[in-house]
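The values are calculated or read from the model by the stated rules, or taken from the named source; none is laboratory data. Keep in mind it's a predicted model, so treat the numbers as computed, not measured. Cβ placement follows ideal geometry from the backbone for every residue including glycine, while neighbour counts extend to all protein chains displayed. These area figures cover heavy atoms from the full protein model, side chains too; ligands, DNA and RNA do not enter into them. Shrake-Rupley method; radii C 1.70, N 1.55, O 1.52, S 1.80 Å.
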Amino acid sequence: MEQQSAQKSEQKIEKKIELRAPVSRVWRALTDYREFGEWFRVKLNGPFVAGQATRGQITFPGYEHATFEAVVQKLEPETLFSYTWHPYSVDAAVDYSKEPSTLVEFRLEKTAGGTLLRVTESGFDKLPSNRRQDAFRGNDSGWAQQIKNIETYVESEP
């Protein structure tokens, strides 16, 4: 059962969904780099390790030219997985590395029916003003799709 909310201040995106899967299953889908790649549609080069960058090629149709790069901030088992990245970095001709990054947090909470997953991305207010609105809009719609993707993935996979 999907529930979504987005804070419209263009500073923070918040999405939530109750998944019919145990916390351990959702945690594995989030933090095992191969499983993350399946639902997020990215082919990552290696595992998520706190304090280290993880890179890979986006496989989502229309974005295959884009590279995924995130620096893992926290891996608190079955509770919190977070990373920083350069949001909506889809133009191959632009070097986003000098821009501030945003913080993505996945928070898990056990519920009677499975797991409440909250996805938050914050820090848009620190982005260059010429990119802020596009990055916010692109990622807001992107997270709406990604929570549907993880729902389908964890509710149909063992």
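Remarks
Per-residue answers, yes or no, for (1) of a type in the set (A, V, I, L, M); (2) open to solvent by 20 Å² or more (accessible area, probe 1.4 Å):
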site: 25; (1), (2): no, no
site: 50; (1), (2): yes, yes
site: 53; (1), (2): yes, yes
site: 75; (1), (2): yes, yes
site: 81; (1), (2): no, no
site: 85; (1), (2): no, yes
site: 95; (1), (2): no, yes
site: 103; (1), (2): yes, yes
site: 107; (1), (2): no, yes
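- Meets criteria (among the hydrophobic types (A, V, I, L, M, F, W, C) and either closer than 17 Å to residue 149 by Cα or outside any loop (DSSP other than H, G, I, E, B) (or both)) for residue 71: yes
- Sole exception among (1) at pLDDT below 95; (2) under 15 Å from the mean Cα position of the chain (by Cα) for residue 91, by number: (2)
- Residue within region 122-130 that is under 20 Å from residue 153 (Cα atoms), open to solvent by less than 50 Å² (accessible area, probe 1.4 Å) and under 14 Å from the mean Cα position of the chain (by Cα) present: no
- Scanning region 131-158 for residues that are of a type in the set (Gly, Ala, Ser) and open to solvent by less than 70 Å² (accessible area, probe 1.4 Å) yields 135, 138, 142, 144.
- Unmet requirement for residue 118, which otherwise passes all of (1) crowded, with 16+ Cβ neighbours inside 10 Å; (2) out of contact with any Phe, Trp or Tyr (no Cβ under 8 Å at 6 or more places or on another chain); (3) over 26 Å from residue 62 (Cα atoms): (2)
- Residue ID - farthest from residue 26 (Cα to Cα), chosen from residues in region 102-125 that are among the charged types (D, E, K, R) and in contact with a helix residue (DSSP H, G or I) (Cβ under 9 Å, 6 or more places away or on another chain): 125
- Residue check, residue 89 part of a loop (DSSP other than H, G, I, E, B) and small (Gly, Ala, Ser): yes
- Which listed residue is in contact with a strand residue (DSSP E or B) (Cβ under 8 Å, 6 or more places away or on another chain), touching a residue at least 40 places away in the same chain (Cβ under 8 Å) and aliphatic (A, V, I, L, M), from 53, 66, 70, 144: 144
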